[in-house]
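Written out below as structure tokens is the structure these notes cover.
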Amino acid sequence: MSGLSVEAWAKVNLYLHVTGRRDDGYHLLDSLVAFAGIGDTITVSPSSALSLTVDGPTAARLDVDDDNIVLRAARALAQAAGRPPQAHLHLTKRLPVAAGIGGGSADAAATLRALSRLWGVRLAPAALHALALSLGADVPVCLRGRPTRMSGIGETLADAPSLPPAWVVLVNPLIGLSTPAVFKARQGCFSDPMPLESRPADAAALARMLAARDNDLSAAAISLVPEIAVILTALNRDGCLLARMSGSGATCFGLFPDPAAAAAAAAAIAADYPAWWIKSASLISST
């Protein structure tokens, strides 16, 4: 389809600490967010009305209605810019839905970037950040699209050290997992923030740094979707430097030092579990 296209990269929480809880019930987080070189694509083109079409290998699992986050992002940007929401949006969906890798949030962020270019909109950074946050807690970090320390409820963002060359294998059992349900199931104490203070020298050093941290939502997610534990076991094979769940699940990632090791692991897991969604990709490393 012709038009202006923007990639919506998969978000990967390399670690995720739950550091507290606000009086309104929202949890406070400390997380290192990176992005993998696989994702959805948003294509926008001029139109006299606002419309959305969807295709792609995981499109059948997506609810496409007036409340879809892509359409909400378009309407919100148009309102902020004081213009009618006139565009045709096309989403090529490759990421699984409700998977802990920010698919919907990344799609919304890509929509904001694409329509800002199509419509010639230049919102002030603070206004664009607030608009993104109104769409969802992960939309601001997806709008940045680079390694970021995320804290607060997702609204406080800071540059993280750049990452060394590294590759991930992403695995999802194609079972949707509700983020609120995972937080509700979580038990235990809160964790301290542990931001990375320096750039890891290589993928192995990154894995060592991450091993001193955790994903505090893993146990709760496994209690709801036991397949997550099976995925982590499957990822822990020769060549894997670290296996961990991303976000609130159910997607997990394995960290690998080179593309050949990641591709071999992805192929081996796919042979054992052909019904799962399994992809290898590079981490987007630069700040």
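The values are calculated or read from the model by the stated rules, or taken from the named source; none is laboratory data. If you're wondering where the values come from, they're calculated on a predicted model, not measured in any experiment. When we count neighbours, we look across all protein chains shown, and the Cβ atoms used for this are built from the backbone with ideal geometry, even at glycine.
Here are the numbers:
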{"item": "Glu197 vs. criteria surrounded by fewer than 18 Cβ atoms within 10 Å (Cβ to Cβ), assigned by TED's automatic domain parsing to the domain that holds Val97 and among the charged types (D, E, K, R)", "result": "no"}
{"item": "Condition check for Leu242: assigned by TED's automatic domain parsing to the domain that holds Gly188, more than 17 Å from the chain's Cα centre (by Cα) and hydrophobic (A, V, I, L, M, F, W, C)", "result": "yes"}
{"item": "Residue list for the range 136-185, restricted to those being at pLDDT below 95, under 16 Å from the mean Cα position of the chain (by Cα) and polar (S, T, N, Q)", "result": "Ser178, Thr179"}
{"item": "Strands (runs of 3 or more DSSP E) contained entirely in the range 1-118, each with at least 2 residues that are surrounded by fewer than 17 Cβ atoms within 10 Å (Cβ to Cβ) and in contact (Cβ under 8 Å) with a residue 40 or more places away in the chain", "result": "4-21, 27-45"}
{"item": "Looking only at the range 170-185, and only at residues there that are aliphatic (A, V, I, L, M) and part of a loop (DSSP other than H, G, I, E, B), the one that is surrounded by the fewest Cβ atoms within 10 Å (Cβ to Cβ)", "result": "Leu174"}
{"item": "Among residues of the range 1-26, those that are modelled with pLDDT of 95 or more and over 12 Å from the mean Cα position of the chain (by Cα), counted", "result": "10"}
{"item": "Total residues in the range 119-152, condition surrounded by fewer than 17 Cβ atoms within 10 Å (Cβ to Cβ), of a type in the set (A, V, I, L, M, F, W, C) and assigned to a helix (DSSP H, G or I)", "result": "3"}
{"item": "Residue count for the range 192-204, restricted to those that are under 30 Å from Ala261 (Cβ atoms) and either among the basic types (Lys, Arg) or in a loop (DSSP other than H, G, I, E, B) (or both)", "result": "9"}
{"item": "Failed item in (1) in contact (Cβ under 8 Å) with a residue 60 or more places away in the chain; (2) over 27 Å from Asp258 (Cα atoms); (3) in the same structural domain as Met245 (by TED's automatic domain parsing), with Lys184 passing the rest", "result": "(1)"}
{"item": "Subset of the range 243-264 [within 16 Å of Ser31 (Cα to Cα) and aromatic (Phe, Trp, Tyr)]", "result": "Phe253"}
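For (1) closer than 21 Å to Pro200 by Cβ; (2) not hydrophobic (A, V, I, L, M, F, W, C), each residue gets a yes or a no:
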residue	(1), (2)
Ala221	no, no
Pro226	no, yes
Leu232	no, no
Pro257	yes, yes
Ala260	yes, no
Trp277	no, no
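Residues are listed down the side, and each one gets a yes or a no for (1) within 19 Å of Tyr15 (Cβ to Cβ); (2) without any contact (Cβ under 8 Å) to a residue 60 or more places away in the chain; (3) touching a helix residue (DSSP H, G or I) at 6+ places or on another chain (Cβ under 6 Å):
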position: Ala203; (1), (2), (3): yes, yes, no
position: Ala211; (1), (2), (3): yes, yes, no
position: Ser223; (1), (2), (3): no, yes, yes
position: Thr251; (1), (2), (3): yes, no, no
position: Ala260; (1), (2), (3): no, yes, no
position: Ser285; (1), (2), (3): yes, no, no
